[in-house]
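Values quoted throughout were computed directly from the atomic coordinates according to the rules given, and no laboratory measurement underlies them. These numbers were taken from a predicted model, which means no experiment stands behind them. Neighbour counts run over all protein chains shown; Cβ positions are idealised from the backbone, glycine included.
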Amino acid sequence: MPNQSSPKLSAQSTINPTPLLSLTVAPAQVLRGSQALPESGKAIARLGHRPLIVGGKHTLATLAAHLEPALEQQQLNFATAFYSPDCSEASLASLRKTATSHQADFIIGIGGGKALDTAKLLAHQCQFPVVTIPTSGATCAAWTALSNIYSDQGAFLYDVSLDQCPDLLILDYSLIQTAPPRTLVAGIGDALAKWYEASVSSGHSEYTLIIAAVQQARVLRDILFQKSATALNEPGSQVWREVVDATVLLAGVIGGLGGAQCRTVAAHAVHNGLTHLLEAHDALHGEKVAYGILVQLRLEEMVQGNQLAASARQQLLKFYTEIGLPKTLEDLGLGTITLAQLRQAAEIACTPHSDIHRLPFEVMPEQLMAAMVSTTAPVEKNRSSLSLTPAIDE
């Protein structure tokens, strides 16, 4: 009788071995719904017994009543600690001491992007599980395996890739609805950048997951174009929840699938440069990124004569007007900055390791400055390049 066992795989039969990659696609569990937070106690309790809750002072003071009853019901011994200033190295060092003194065994982050980045990185450094509870739709930080580090003065320094996405994400629509509408508008701007940046950095990739990530970014853009205005006029409605899902969850999925190869480009580089201006700190992350998208498209238009970029910029300008995203430096509260300050932001955005250099052409600070002051310029047809001289007073 012939041998029915499977043939052994020989070394010669191994075809094109690939390196082992660790994908951080998604949180281990996502709980979403109205009043999700009060009902999340059992899911939180699976992660440990002594959580340290990390958030901003205002958030911890005003939202404790939403979270603490769920923890008390599970008899968890919790402590609270606020991050300050920003998600900075000094703040993280202080929080590590607090986690040790409390004998914490997992971290709960509650708040906006910087609070969640702080909680994720703290958990990563302590090798603890982490729960993320976003309080607005302003970013996808609740989902991602990434944290941004800022100086004590709020200037972007670098980002840190984490070993995994959060162990539990709690998306409570009732909680999100208490946030100012401006935060969701900012989240829409941040999420839109997924398409405009990924299509440049990874649009020609032949890798299946990268293709999927880029195409999901296009779908995300289209969803936001179609639903954002209605959602902002109907907070708490089904369409509003769908837009929140898009900014917090779907934007995170794109980063998870695309990973390091589906990268940010000029829009986030512009954001990073602007954070070094104290005058820009009142603008939200997504507002600066949304402005950065216009700058990126303007660069493509000026340097390459790219008419598709010019058309996309005009389309975005109309959309921004409709929902209230900033279109100019003036809209960001930066109308009175000097030429020296503008150059400072541009030079930081153009440092050698900046994401801006993923554009398919070289970008100099002078070119970036010219784009930054002309985001609303009318389309000039049949010209291969445009003026690169900044028009701003000293």
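Things to note:
- Sites matching GluC sites (Glu not before Pro) across segment 243-335 that sit in DSSP coil, with at most 13 neighbouring C-beta atoms within 10 Å: E330
- Cα centroid separation, segment 70-147 to segment 291-364 (Å): 33
- Filter on K57/K288; K57/K114; K114/K327; K120/K194 - keep pairs with C-alpha separation over 19 Å: K57/K288; K114/K327; K120/K194
- Over the chain, dividing the summed -39,500 (n - 2.57) contributions of all DSSP H runs of at least 4 residues by the number of residues returns a 222 nm mean residue ellipticity of -14500 deg cm²/dmol.
- Segment 30-179 has equivalent-ellipsoid semi-axes of 22, 17, 14 Å, by the square roots of 5 times the alpha carbon gyration tensor eigenvalues, sorted largest first.
- Excluding the site residues themselves, the longest part of the chain lacking any chymotrypsin sites (Phe, Trp or Tyr not before Pro) in a DSSP loop with at most 14 other Cβ atoms within 10 Å is 1-206.
- In a DSSP loop and with at most 10 other Cβ atoms within 10 Å, the trypsin sites (Lys or Arg not before Pro) in segment 296-382 are K381.
- Straight-line cross-link partners of K42 among the aspartates and glutamates, defined as a Cα under 15 Å from its Cα and at least 8 positions apart when in the same chain: E68, E72, D167.
- Within straight-line cross-link reach of K318, aspartates and glutamates at Cα separation under 18 Å, skipping those fewer than 8 residues along the same chain: D190, D222, E287, E301, E330, D331, E380
- For I53, the residues whose modelled amide H falls within less than 5 Å of its own, excluding neighbours fewer than 5 places apart on the same chain, are A79, T80, A81, I108.
- Set the Cα radius of gyration of segment 255-358 against 2.2 N^0.38 Å, with N its number of residues, and you get 1.07.
- Where only alpha carbons of segment 181-330 are counted, the Rg and the Dmax (Å): 14.8, 43
- Counting every pair of alpha carbons in the chain, the share spaced more than 40 Å apart comes to 19 percent.
- Between L278 and L23, full extension at 0.36 nm per residue minus the direct alpha carbon distance yields a gain of 88.1 nm.
- DSSP-defined antiparallel bridges as percent of all bridges, the chain, nearest 5: 20
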